1. Taking neighbour counts of Cβ atoms within 10 Å as a proxy for exposure, in what order, fewest first, do 66, 257, 121 appear?
2. Suppose R0 equals 41 Å; then what is the FRET efficiency for residue 295 and residue 35 from their Cβ-Cβ distance, rounded to the nearest 0.05?
3. Could you please rank 143, 272, placing first whichever residue has the fewest other Cβ atoms within 10 Å of its Cβ?
4. Report the equivalent ellipsoid semi-axes for the chain in whole Å, largest first, defined as the square roots of five times the eigenvalues of the gyration tensor built from alpha carbon atoms.
5. Taking only DSSP H segments of four or more residues, each worth -39500 (n - 2.57), what value at 222 nm results for the chain once the sum is divided by all its residues, to the nearest 500 deg cm²/dmol?
């Protein structure tokens, strides 16, 4: 590597090359966008090259950037191979593990139990990215992703983690004030809470229309946790995963026999990191936790 260059700058370059935007690259490397831009400028000065051009869609690699990308990915692969050999020989678990999960599953299932993994593997720093959307393991934005559908392609290994169910929930106080919900026709006349239609990040979340095409939320949020709080406040009723709805004592499930929706979570890893000891340990821990939670997940 030339004088003035360092691996941290190359990591920033890789993040921007894979994501295309400063904001996403900053999130991937755990820095702010200003720092990412400054590191990129330093790398370009060190190389005497322009690596990106600005486009309306974000940062696009120049020809020189494409050439550097091949070298940077080779370096990254070499560093990963050394790390894998070190872990295999030493048997120790260390390093950072980035896990991308949906907001609800990440908050209500993973975060509430993650202390047990941390206690068993104190050398592993876990970054739990629980948000409305997923980081992409194909672009190595995350080591592990828990997704709502099996990816259709890419250098990935995917396996079904578990099924889970969803149902219609309302606050007990809301039902006392407005009366019971006797059927789906009655549901169409109630205030509904759901996702913002144009911000739904996976087709598996479009379940209101699956119940009845007439159902349309009038209170909307991109956050399933915000939706749960809206329902709990008595603002209306809506569909929640059973592992959220059943965990909130102020809520009750309605239309249990008429509305039962089943979905699956998929465990997805890039094939290059599958054999890292910390990845294998996390997967084994998560599968053990999920095995004990079937009643919670299936409602």
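FYI, it's all coordinate maths here, none of it is from the lab. No experiment lies behind these values; they were computed from the predicted model shown. FYI the Cβ positions are ideal-geometry reconstructions off the backbone, even for glycines, and counts take in every protein chain you see.
1. Listing 66, 257, 121 from fewest to most nearby Cβ atoms yields 257, 66, 121.
2. 0.35
3. 272, 143
4. On the way: eigenvalues 354, 110, 45 Å².
Taking √(5λ) for each Cα gyration eigenvalue gives 42, 23, 15 Å.
5. After summing the helix terms and dividing by residue count, I get -11500 deg cm²/dmol.
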